[in-house]
Amino acid sequence: MIVTDSRPVTFRDVFAVAEFRVLLGGYSVFVIGETVKMLALSVLIYQRTGSGLLAALAYVTGFLPHAVGGAFLLALADRWPPRRLIVGYDLFRLAMVVVLALGVLSPPAMLGLVAVVGLLAPVSSAARSALLPEILRGDAYVLGRSVLTVAAGGTQVAGFALGGLLLGLVGPYGALWLTAATCLLAALLARVGLTARAPRVGRTAGNAVGETWRVNRMLLADRRIRGLLLAQWIPGSLLVGAEGVIVPYAAELDPEASAGLLLMAAAFGMLLGDLLVGRCVGPARREALTPWLALLLGVPMLAFLAQPGQWPAAVLLTVATAGFAYQLGLARRFLDAVPEARRGQAFGLLGTGLMAVQGLAAAAGGALSEVVAPGTVMALAGVASLAATVTLWRMLAPPPVPAGGGGALR
């Protein structure tokens, strides 16, 4: 699939596709439900144990198994029909949330249940991601991916607001029951609105774990695919090390400085960049701008060496995170590079790698802030992102001659 039309696809083109509206609606409901669940579970466990550590674990437990599921189970994303997999995972989440809401488990058992269900999260996510280019063709796929990114940020903010409201009105158990309703709604939307499709690959004699390892190794052995994965994983994820120290940075400014404002500025920059680049820039131009947008991630962060005040810092973060739109310029090339039969696993590997690199960057930023000022950590994150962009420049820049569709893997 080579994009030759320089006219940007419009939002009207994308939203005219009924299946995309269903996919977007189901994903938005999923994100809201997961956000409310994490918040409610964290509060509930803190109320029952008084342990800040366990409360923090409750907040991240659903994400921690993601890397494990991505390493061992991703083959299921191509071996199972995508609609059945998405619906099945939503119903699995429904059963988990109902058990949590009944209050029959101890806090450690609650954490264990969430972790087990979280193992299948990357498989469901991969199935959804691989479904998008089957629903939207050509440059509509890139704009559709941009819309999903914007929706994820917006619905997460809505989920935090709704979760806080529900906790005040009905408490954590009531919030969990409302989360159960979102699981059921997401499953119904997928079951009724998505077309039944066959698996991309047939059932093989090998087990899913062995096949996941084999295909992951094959994908990473392909030089083009590996380069595109690294280009999407590293420059942006290194900036998460800066976002992880926004709270202590704001605390060092003055008592009236708001970490919330800075975090909102970072989120707004991402949404603004995706909207402008996805909607207003043509396909060829978008791909040509990819390495320059990646540079935009790191350059504004260098100013944090001077420890700017709250509002200048908010502007700098907005400009820097707008550079995340560089990933839109890689979307079509990555889709073309991976074999269609392994598309689900390839997208799952992309998501798993992003979470792993972002987690490592956040941990490194937090550890570094123990010995140097938060502003210096943020500037160093910018330097690291710039270094990664320069190193990966040849992969970020579009090839002079359009590459053929599909990789060599089967």
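Taking the Cα centroid of region 364-397 and of region 148-180, what is the distance between the two, rounded to the nearest whole Å? A separation of 32 Å, based on Cα centres. Evaluating 6.51 cos²θ - 1.76 cosθ + 1.60 at θ = phi - 60° for every residue in region 76-91, the Karplus couplings come out as 4, 5, 9, 8, 10, x, x, 5, 5, 5, 5, 5, x, 5, 5, 5 Hz, glycine and proline recorded as x. These residues, Tyr27, Tyr249, go from largest to smallest accessible area, 1.4 Å probe, as Tyr27, Tyr249. Rg and Dmax of region 94-143, based on Cα coordinates, read 16.8, 50 Å.
For region 283-296, putting each phi into the Karplus relation 6.51 cos²θ - 1.76 cosθ + 1.60 with θ = phi - 60° gives couplings of x, 5, 5, 4, 5, 5, 7, 3, x, 6, 5, 5, 4, 4 Hz, in residue order, rounded to whole numbers and with x for Gly and Pro. The charge dipole of region 105-251, taken about its Cα centre with unit charges on the Cβ atoms of Lys, Arg (+1), Asp and Glu (-1) only, comes to about 600 debye. Compute the Rg/Rh shape ratio of region 9-146: radius of gyration over Kirkwood radius, all on alpha-carbon atoms. Here Rg/Rh amounts to 1.05. Note down the net charge around Val245, summing +1 for each Lys or Arg and -1 for each Asp or Glu among other residues with Cβ under 12 Å from its Cβ. Here the charged neighbours net out to -3.
Charge dipole of the chain (Cα centre as origin; +1 on each Lys and Arg Cβ, -1 on each Asp and Glu Cβ, all else neutral): 1500 debye, rounded to the nearest 20. Per residue, the chain reaches -25000 deg cm²/dmol at 222 nm when only DSSP H runs of four or more residues are counted, each adding -39500 (n - 2.57).
Computed with a 1.4 Å probe over protein heavy atoms only, the accessible area of Ser129 comes to about 40 Å². The alpha-carbon atoms of region 164-252, seen along their principal axes, cover 51, 46, 24 angstrom, with the largest extent given first. Contour minus end-to-end for Ala387 and Leu302, with contour as 0.36 nm per residue of separation and end-to-end as the Cα-Cα distance? Between Ala387 and Leu302, full extension yields 29.3 nm more.
The values are calculated or read from the model by the stated rules, or taken from the named source; none is laboratory data. The model shown is predicted, which means the values in this text are computed figures rather than measured ones. Reconstructed Cβ throughout: ideal geometry from the backbone, glycine too, with neighbour counts over all protein chains shown. To get the accessible areas, we keep the full protein, side chains included, count just its heavy atoms, and leave off ligands, DNA and RNA. Shrake-Rupley method; radii C 1.70, N 1.55, O 1.52, S 1.80 Å.
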